[in-house]
Every structure is written in structure tokens, then in C-alpha cells.
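Rule-based calculations on the coordinates, nothing more; no lab input. Note that this is a predicted model, so its numbers are computed, not measured. Neighbour counts run over all protein chains shown; Cβ positions are idealised from the backbone, glycine included.
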Amino acid sequence: MFLYNFKINKEICFIYWVQSSIEWNWYFCQKEYDKWVQITGNFNDEEKNVLESFKKILQKENNGYTWLWNRYVGNKIYDKDENKKWQYLRKILENKFEILWKSEHPKLIVWKEKLEEYCFDDLKDDFEKIYDFFDTEYVNEIVVNLCFGWGKLPGGNVKKEFSNNILLTISNSDITNINRVLKTLFHEHIHLIEYFSNKDKFFRESYKKILAPLNIPKQKQSWRHLVVESIIFSIVGKDVGYLDRKIGIKDTPKNTKLILEKNKIKNYSEEIKNISEKISKLTEKYIREGKTVDKDYSDFVLNTLKKVYGRPSN
């Protein structure tokens, strides 16, 4: 059985807080920013200046999330100018971060203990079949870094180049609803599995045959992103998937629903859930029977997208 190695790393928490304090890409969340400012107080001019300087580092070509993940895993900063600016930023923001650390660290300790008590062995067979479904090699240990999370819902992050690492933002997640955190954890884990699958070739072929001829413009993320997210959510994450039903479904808190309604990516999230629900039975059938993604499965997924997004010809 794979092992989740749950860790609380102060440096990672610092890095995550800093990058969430600047609007450096489309994923910036104003409510997250506001939450932390309520605890630490507003940034002064010197702090704003170092954050603006850091923003420029992240926005440099080939930096972004790759730069952040290299810091998460402790890799050295080779660019001397970037390293100098980063060390200065750490010095300037240290006091503010300590305020936040004192607020959030105790919550992370509680979550770490709760997750370490959970019996993941009960899902051993399921995950072996999920690895088989994507036809990827089994990974024995995954490091899960627990980090600050501003809302009741947990969040997760992974990156392909860092194949056995997950960042889970959960400090303020509802401690009575571990199922929601588990679903986020499993969803990110399956992203790591999918990254190394060679089954993408089937979806490319199905797309060219089924969806591409319709010339439907995709306004948000790519078609591939929609396909991958829908498949993974048909396994776990939006209460419509195979593992969702095994773990158990618990209603989303009312205040969380309000947050979702105000979230700028709500509509896209609903699109994914809609597709996931339509393909979940076939996904479950494949996993239960130990089958691997094939042409029939990919055709079904793309035909589902065609039914949802297709338009009658004039």
C-alpha cells in the first residue's frame, strides 16, 4: 500500500502565503488575501515593495509555479539576483508571517494527527485499480505538505515535475468533515497518476474524430484540461465519482456554498461536475473490472462533451 507522509513545513507555509499575497496570475484569490490580512494586518510600503519585486520574479518566463515548487522541495535558487531578493523578502516579511504561523500552525497539527489516524489500507485495492486504469507504475510513498487554507473547503496542488509531492491547504477546513479533505487529497493523488499515463493518445484521437470537426470555441481552459478534470472528478472530488460514493457524501456547508457562488471559476467548476456525473458510471465500471483506458472509453468521454457543447448545424 502507498504511504502518505504528512508533513508540516514552516518554510513551505511561508512560500505559499507569500505567493498568495500578490496577484501574479489568474488564480489569485482576493478572499484568501483578505483572510490573511485580517490576521497579520495590512502590508506597509516596504513590504509592498518586496512583494512587487517577488511578483516580477514569478512572472519571468519559465518561472511561475516551477519556481515555487523548486522552493517547496528545497532546491537551491541559482539566479543570484533572485536569491538576493528572496532573502531580503524573507527578512522583511518574517514578523508578519510569525503572526500567521501562530494562528494557523496549531490547526495544521490537529489535521496532521487526524489524517495519520485514518486507515488508508481500506482503499488499497481501489488505488491499485486506479493505477491500472491509467496504466501507470505504482508509487509507494507520497509526501503531503499541509499548508494554510483560508476557507472551509480544502485545496490541493501538484505539479508533474514533482511526481510524489502534494500540497494540501487545509488549516481552516471543517475538522468534522474529514471526507472532504480526503477527496481533495485523492483527487490530487490521481492527478499525479494521470500525469504519467500514456493514454492521452486515445483522447487526442477521439478529439480529432468527434469534437474538432465541430469547431466549437473553448473560452476558458483547454479541452484537454476539461477532459482530464472531468475524468478525475468522475473518480473522486465532486460527490459524483466512484471513490466519493465509497468514502461517503456529506453536504457542503451553507457558507461554503456562498463562497462558491462568488467564485469567478464557479461556472467552469459546474461544467466539470456536469461532465463527470455523465461519465462516472463508465469510469467506475472500468475501475471495478480492472480495465485500462481505451478507445471505447475515450470515445464515450468525447461524445459526452459533444452532446453538452455541440450545436445544431445551420
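Put the Cα centre of the stretch 103-149 next to the Cα centre of the stretch 189-208 and the gap is 22 Å.
Near Leu108: Cβ cut-off under 14 Å, other residues only, Lys/Arg at +1 and Asp/Glu at -1. The net charge is +2. Can you list the GluC sites (Glu not before Pro) in the stretch 1-72 that are in a DSSP coil and have 15 or fewer other beta carbons within 10 angstrom? For GluC sites (Glu not before Pro) across the stretch 1-72 that sit outside H, G, I, E and B with at most 15 neighbouring Cβ atoms in 10 Å, the list reads Glu23, Glu61. Computed over neighbours whose Cβ is under 14 Å from that of Glu98, the net charge equals +1, Lys and Arg +1, Asp and Glu -1. If you take the square roots of the eigenvalues of the alpha-carbon gyration tensor of the stretch 91-141 and sort them as a ≥ b ≥ c, do you get rounded (a/c under 1.5), prolate (a/b over b/c) or oblate? Judged from the Cα gyration tensor, the stretch 91-141 comes out oblate (a/c at least 1.5, b/c at or above a/b).
If we sort 227-235, 151-159, 198-206 on the protection proxy, mean other Cβ atoms within 10 Å, highest first, what's the order?
227-235, 151-159, 198-206
For the chain, the 222 nm mean residue ellipticity estimated from helices alone, with every DSSP H stretch of n ≥ 4 adding -39500 (n - 2.57) and the total spread over all residues, rounds to -18500 deg cm²/dmol. May I ask what percent, to the nearest 5, of DSSP beta bridges between residues of the chain are antiparallel? Approximately 25 percent, going by the DSSP bridge assignments.
Considering only Cys29, Cys13, Cys119, the Gaussian network model of the chain with Cα springs below 10 Å gives its largest mean-square fluctuation to Cys119. Could you tally the net charge around Asn172, taking each other residue with its Cβ under 15 Å from the Cβ of Asn172, Lys/Arg +1 and Asp/Glu -1? Taking every Cβ under 15 Å from that of Asn172, the sum is +4. Using the Stokes-Einstein relation with a Kirkwood hydrodynamic radius computed over Cα pairs, the translational diffusion coefficient of the chain at 10 °C and a viscosity of 1.306 mPa s comes to 75 µm²/s.
Using only the Cα atoms of the stretch 57-115, build the gyration tensor, take square roots of its eigenvalues as a ≥ b ≥ c, and label the shape rounded, prolate or oblate: rounded if a/c is under 1.5, else prolate if a/b is larger than b/c, else oblate.
Oblate.
For the chain, modelled as a GNM whose springs connect Cα atoms under 10 angstrom apart, the maximal fluctuation among Trp69, Trp36, Trp24 occurs at Trp24. Across the stretch 3-147 the C-alpha pair distances fall into 10 Å bins from zero in the proportions 9, 33, 31, 19, 8, 0 percent.
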